[in-house]
């Protein structure tokens, strides 16, 4: 096979179609016309001798051999980006487009504190923010679709580098007027697991709350997101463990929720910055983590 028939741009087209599952949206993302993108992908299919996508009027799906090619295309593109970084003498620098994800129970509450630090420390970077669940964000990080993730440590899987930023304690969020309000202090032993309301499966905060309370999820009520969980507590459905950063000013839902710290060593989570261990910008991510550690949000403790 003649390598002259392959181009990085064609591989970008293929990855874009796989992510968008639509030729028109993929063309728009790549800033080319749809006929041009479609023609280049067909040309690549001829060069490779495989059909990469099933095309119907309703959907676009990768074929089985197409999935293998697309997976390898991501690796080739990631290595090409690394080559450019090395060639430009930017080893370790964080500049240009920088995609940073955060878990959904952290991003909306940490970004307001972290963004001013990032903007001052990274004047040459264009920050692209996103949110998701831990497993999905780590998949995106592994595949090179994002550059770093803010989440709860530790992370599972090989190939990641991490820096702890701070420890975020959990508070008890219970309906105003609940019987627990009469207690002078709150301990985990005071909680009845049958009254807990949790996030649905897939959120690491759910697992952390269950572990802290020594409970199982059988028969418990669940919410799809942290704000819905907050409103369930305000509605009197039960109580929950709420991360410190999510219990800021104006989060009592008109006085319907009370937040209480736990006595002694509180339950909580270690928040950290994660990136690919193979990323040549590792020194830059470590420097960013140091800046974020130096200016933590209120209410958290050093990791």
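The values are calculated or read from the model by the stated rules, or taken from the named source; none is laboratory data. Every value quoted in this text rests on a predicted model; they were computed, and no experiment measured them. For neighbour counting, all protein chains shown are included, and Cβ atoms are generated from backbone atoms with ideal geometry for every residue, glycine included.
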*Could you check the stretch 185-303 for helices (runs of 4 or more DSSP H) lying wholly inside it with 1 or more residues that are at pLDDT 90 or above, assigned by TED's automatic domain parsing to the domain that holds residue 155 and farther than 16 Å from residue 107 by Cα?*
282-294
*Would you point out which residue out of 58, 120 is assigned by TED's automatic domain parsing to the domain that holds residue 296, over 20 Å from residue 136 (Cα atoms) and loosely packed, with under 12 Cβ neighbours inside 10 Å?*
120
_Out of 69, 15, sole residue that is at pLDDT 90 or above, part of a helix (DSSP H, G or I) and touching a strand residue (DSSP E or B) at 6+ places or on another chain (Cβ under 9 Å)_ = 69
*State the number of residues belonging to the stretch 43-54 that are surrounded by 13 or more Cβ atoms within 10 Å (Cβ to Cβ) and either touching a strand residue (DSSP E or B) at 6+ places or on another chain (Cβ under 9 Å) or part of a helix (DSSP H, G or I) (or both).*
7
*Within the stretch 13-29, restricting attention to residues that are surrounded by fewer than 19 Cβ atoms within 10 Å (Cβ to Cβ) and under 19 Å from residue 80 (Cβ atoms), which residue is nearest to the chain's Cα centre (by Cα)?*
19
_Suppose the filter is more than 30 Å from residue 231 (Cα to Cα) and in contact with a strand residue (DSSP E or B) (Cβ under 7 Å, 6 or more places away or on another chain); does residue 159 pass it?_
yes
*What number of residues within the stretch 137-161 satisfy the criterion of being surrounded by 15 or more Cβ atoms within 10 Å (Cβ to Cβ) and either without any contact (Cβ under 8 Å) to a residue 40 or more places away in the chain or not assigned by TED's automatic domain parsing to the domain that holds residue 280 (or both)?*
2
*Kindly indicate whether residue 139 is more than 17 Å from residue 168 (Cβ to Cβ) and within 17 Å of the chain's Cα centre (by Cα).*
yes
*Verdict on residue 181 being surrounded by fewer than 17 Cβ atoms within 10 Å (Cβ to Cβ) and over 24 Å from residue 154 (Cα atoms)*: yes
